[in-house]
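The structure under discussion appears below in the form of structure tokens.
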Amino acid sequence: MALTLTGTSGTASVNSSTGVGFATWATGGRPSSPVTGQTGYNTSFGGLETWNGSSWILVANQNGNYSASYLVIGGGGAGGGGNSASSGGGGGGAGGYRSSVSGESSGGGASAESALSLAVGTTYTITVGAGGAGVTGGNAGNNGSSSVFASITSSGGGGGGGSGSGANQPNGVAGGSGGGGCGENTIATTGGSGTTGQGYAGGSTTSSTGAPNYPSAGGGGAGAVGSGTNNTSVAGAGGVGVASSVTGTSVYRAGGGGGGTYAGGTVGAGGNGGGGTGGSPSGATAGTANTGGGGGGTCNGITSANGGSGVVIVLVPTANYSGTTSGSPTVTTLGSNTIMTFTSSGSYTA
């Protein structure tokens, strides 16, 4: 004997020999007005899901674990500052850049990493790192914050060096990519180191860097070292970022910030990929939001530019995409993949 119930959202059946048969649908054809507790078999990823009153929750999945590719970029470092007439702040380093996208690369010249295996029903936290805050006076810029997806962490970019009276931190700071050294009177400064597999070092200056404009070095980018300087009027540019077509269009991200100068000369350009331009002393620009770009350096008591926030992009096969997220990512499709772009922190349930 068999009992079949037919409704607007599908068909459920009970058979004495085969048991219960649930309603079926694809992800794009889910019930438009589900009720709490409504359960069905999603053919898009081969599993049972239940409406909990606000979202669809996986009950069971027959496909097991599945792979996810990613692009994870940390927040960019802030440019350095200076509080005297004899220094210029270094450019901030870009946020660390890690990618498992096929055919592309990670930062620092590293090859693409391995994709992650996601366990069905497990919730993975996504953290988007903030850019480092700008500084006033003779301080190195603040580092950016790390971005995280599951076991993947991309470090925040290093702050640019700052100098003058007071704190006097002339060397660039280490980070995902390192900050550039400041332009100091008669002394050489060094760029901060980048993190292996994530980004390059910041540029350095020589002892001949000095009057009249005390130019500083650029911050490192994911694709190149920040430009150094041995000039008395021309600051270094930020290192270039890395291009990715993960969302279907080639976009550079994680460029280093340009170095600043004192009252004239030529400021450093931001690296392609969201790096900010240096100031002279005003006019420094921040790293572009959600690129991990480093901020531009400045001097003479002007606040340096902030680093740009990071981003986390996750690709999963559309056939496995659960549709359960938090943090309001932008969700698109490209070929057979669903792409989640997180510009703020959130989560994904596999």
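How many residues does segment 229-239 hold that are assigned to a loop (DSSP other than H, G, I, E, B) and surrounded by fewer than 24 Cβ atoms within 10 Å (Cβ to Cβ)?
Result for segment 229-239: 4.
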Exercise. Does Ser347 qualify as being in contact (Cβ under 8 Å) with a residue 60 or more places away in the chain, part of a strand (DSSP E or B) and in contact with a Ser or Thr (Cβ under 8 Å, 6 or more places away or on another chain)?
Worked result: yes
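Does Ser155 fit the bill of being closer than 15 Å to Gly74 by Cα and assigned by TED's automatic domain parsing to the domain that holds Val242? Give the derivation first.
Working: closer than 15 Å to Gly74 by Cα: yes; assigned by TED's automatic domain parsing to the domain that holds Val242: yes.
Spelling it out, Ser155 is indeed closer than 15 Å to Gly74 by Cα and assigned by TED's automatic domain parsing to the domain that holds Val242.
Here is a yes/no grid of residues against (1) more than 21 Å from Gly287 (Cβ to Cβ); (2) of a type in the set (Ser, Thr, Tyr):
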{"residue": "Ala140", "(1), (2)": "no, no"}
{"residue": "Ser147", "(1), (2)": "no, yes"}
{"residue": "Gly192", "(1), (2)": "no, no"}
{"residue": "Gln198", "(1), (2)": "no, no"}
{"residue": "Pro212", "(1), (2)": "yes, no"}
{"residue": "Asn231", "(1), (2)": "yes, no"}
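Would you check if Ser336 is of a type in the set (Ser, Thr, Tyr), in contact (Cβ under 8 Å) with a residue 60 or more places away in the chain and out of contact with any helix residue (DSSP H, G or I) (no Cβ under 8 Å at 6 or more places or on another chain)?
Numbers: of a type in the set (Ser, Thr, Tyr): yes; in contact (Cβ under 8 Å) with a residue 60 or more places away in the chain: no; out of contact with any helix residue (DSSP H, G or I) (no Cβ under 8 Å at 6 or more places or on another chain): yes.
For Ser336, the condition - of a type in the set (Ser, Thr, Tyr), in contact (Cβ under 8 Å) with a residue 60 or more places away in the chain and out of contact with any helix residue (DSSP H, G or I) (no Cβ under 8 Å at 6 or more places or on another chain) - is not met.
Here is a yes/no grid of residues against (1) under 21 Å from Thr205 (Cβ atoms); (2) out of contact with any Phe, Trp or Tyr (no Cβ under 9 Å at 6 or more places or on another chain); (3) at pLDDT 95 or above; (4) hydrophobic (A, V, I, L, M, F, W, C):
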| residue | (1), (2), (3), (4) |
| --- | --- |
| Gly271 | yes, no, yes, no |
| Ser280 | yes, no, no, no |
| Gly283 | yes, yes, no, no |
| Ile313 | no, no, yes, yes |
| Thr330 | no, no, yes, no |
Exercise. Is it the case that some residue within segment 240-262 is touching a residue at least 12 places away in the same chain (Cβ under 8 Å), in contact with a Lys or Arg (Cβ under 7 Å, 6 or more places away or on another chain) and at positive phi?
Worked result: no
For this session: Given the conditions (1) surrounded by 20 or more Cβ atoms within 10 Å (Cβ to Cβ); (2) among the hydrophobic types (A, V, I, L, M, F, W, C); (3) farther than 23 Å from Gln169 by Cα, report the number of the one that Val120 does not fulfil.
Result: (1)
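Thr343: surrounded by fewer than 18 Cβ atoms within 10 Å (Cβ to Cβ) and at pLDDT 95 or above, yes or no? Talk me through it step by step, then tell me what you get.
Working: surrounded by fewer than 18 Cβ atoms within 10 Å (Cβ to Cβ): yes; at pLDDT 95 or above: yes.
Yes, satisfied.
Do you know which of the residues in segment 240-268 that are of a type in the set (A, V, I, L, M, F, W, C) and surrounded by fewer than 20 Cβ atoms within 10 Å (Cβ to Cβ) is farthest from Thr330 (Cα to Cα)?
Residues of segment 240-268 of a type in the set (A, V, I, L, M, F, W, C): 240, 242-243, 246, 251, 254, 263, 267.
Restricting the remaining residues to those that are surrounded by fewer than 20 Cβ atoms within 10 Å (Cβ to Cβ) gives 243, 251, 263.
On the way: Ala243: 20, Val251: 16, Ala263: 43 Å.
It comes out as Ala263.
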For this session: Give just the number: which of (1) in a loop (DSSP other than H, G, I, E, B); (2) closer than 19 Å to Gly220 by Cβ does Thr153 not satisfy?
Result: (1)
Problem set entry | Any chance Gly40 is among the small types (Gly, Ala, Ser), closer than 30 Å to Ser155 by Cβ, surrounded by 15 or more Cβ atoms within 10 Å (Cβ to Cβ) and modelled with pLDDT of 60 or more | no
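Quick one: which of Ala110, Ala133 is within 22 Å of Val314 (Cα to Cα) and either surrounded by fewer than 20 Cβ atoms within 10 Å (Cβ to Cβ) or among the β-branched types (Val, Ile, Thr) (or both)?
Values: Ala133 fails: within 22 Å of Val314 (Cα to Cα).
Exactly one residue qualifies, and that residue is Ala110.
For the condition in the same structural domain as Gly144 (by TED's automatic domain parsing), under 17 Å from the mean Cα position of the chain (by Cα) and not in a strand (DSSP E or B), what is the one hit in Gly274, Gly268?
Values: Gly268 fails: under 17 Å from the mean Cα position of the chain (by Cα).
Among Gly274, Gly268, only Gly274 is in the same structural domain as Gly144 (by TED's automatic domain parsing), under 17 Å from the mean Cα position of the chain (by Cα) and not in a strand (DSSP E or B).
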Problem set entry | segment 300-312, residues that are surrounded by fewer than 24 Cβ atoms within 10 Å (Cβ to Cβ) and among the aliphatic types (A, V, I, L, M) | Ile302
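So, Gly293, is that one out of contact with any Ser or Thr (no Cβ under 8 Å at 6 or more places or on another chain), part of a loop (DSSP other than H, G, I, E, B) and crowded, with 24+ Cβ neighbours inside 10 Å or not?
Numbers: out of contact with any Ser or Thr (no Cβ under 8 Å at 6 or more places or on another chain): yes; part of a loop (DSSP other than H, G, I, E, B): yes; crowded, with 24+ Cβ neighbours inside 10 Å: yes.
Against the criterion (out of contact with any Ser or Thr (no Cβ under 8 Å at 6 or more places or on another chain), part of a loop (DSSP other than H, G, I, E, B) and crowded, with 24+ Cβ neighbours inside 10 Å), Gly293 qualifies.
The values are calculated or read from the model by the stated rules, or taken from the named source; none is laboratory data. Computed from a predicted structure; not experimentally measured. Positions of Cβ are backbone-derived with ideal geometry, glycine not excepted, and every protein chain shown enters the neighbour counts.
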